[in-house]
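Asks: Dropping a structure here in structure tokens format, bear with me for questions.
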Amino acid sequence: QVQLVESGGGLVQVGGSLRLACAASGTISRLGLMGWYRQAPGKQRELVAVLAANTLTTYADSVKGRFTISRDNANNTVYLQMNSLKSEDTAVYYCAYKGIGVQYYWGQGTQVTVSS
């Protein structure tokens, strides 16, 4: 089993920064995918940034140049540094992990609210 615990969400003004963290426990493969998705009210969950096999990163076009994903393998933790935040970044952010198999594991979500 895999458990994911997010932290770091909150309220920030437009142009501000936040850093999300997700600590994973259980059977974690360094070759697996870890990353972040988000879901805004009335919208589908969407990919924000993921890191696969510890080297391959994928970012949503809307966050490129503003968000940075990183991973601490020693502590099975993935981070999302979010800079230059916009009101449209407001959402619940979910940590995700996918190992060698097909199953995704999800965290409970953390709210990010960007106010103007």
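The values are calculated or read from the model by the stated rules, or taken from the named source; none is laboratory data. Predicted model, so just to flag it, every value in this text is computed and none were measured. When we count neighbours, we look across all protein chains shown, and the Cβ atoms used for this are built from the backbone with ideal geometry, even at glycine. Just the protein is used for accessible areas: all its heavy atoms, side chains included, with ligands, DNA and RNA removed. Shrake-Rupley method; radii C 1.70, N 1.55, O 1.52, S 1.80 Å.
Asks: Name the pairs: first residue in the stretch 101-116 and over 14 Å from residue 24 (Cβ atoms) and open to solvent by 80 Å² or more (accessible area, probe 1.4 Å), second residue polar (S, T, N, Q) and in a strand (DSSP E or B), Cβ to Cβ under 8 Å, at least 6 apart or on different chains?
Replies: Qualifying pairs under 8 Å: 116/13.
Asks: To continue, here is another question. Restricting attention to the stretch 90-116, which residues are over 13 Å from the mean Cα position of the chain (by Cα), closer than 14 Å to residue 19 by Cα and of a type outside the set (Ser, Thr, Tyr)?
Replies: 114, the sole residue that qualifies.
Asks: On to the next question. Residues that are closer than 23 Å to residue 84 by Cβ and open to solvent by 30 Å² or more (accessible area, probe 1.4 Å): list the strands (runs of 3 or more DSSP E) wholly contained in the stretch 6-59 that include at least 3 such residues.
Replies: Strands (runs of 3 or more DSSP E) meeting the threshold: 56-59.
Asks: Let me ask another. Hey, among 68, 90, which residue is free of Cβ contacts under 8 Å to residues at least 24 places away in the same chain and open to solvent by 30 Å² or more (accessible area, probe 1.4 Å)?
Replies: Values: 90 fails: free of Cβ contacts under 8 Å to residues at least 24 places away in the same chain.
Among 68, 90, only 68 is free of Cβ contacts under 8 Å to residues at least 24 places away in the same chain and open to solvent by 30 Å² or more (accessible area, probe 1.4 Å).
Asks: Taking the condition over 30 Å from residue 116 (Cα atoms), surrounded by 12 or more Cβ atoms within 10 Å (Cβ to Cβ) and among the polar types (S, T, N, Q), does residue 3 pass?
Replies: yes
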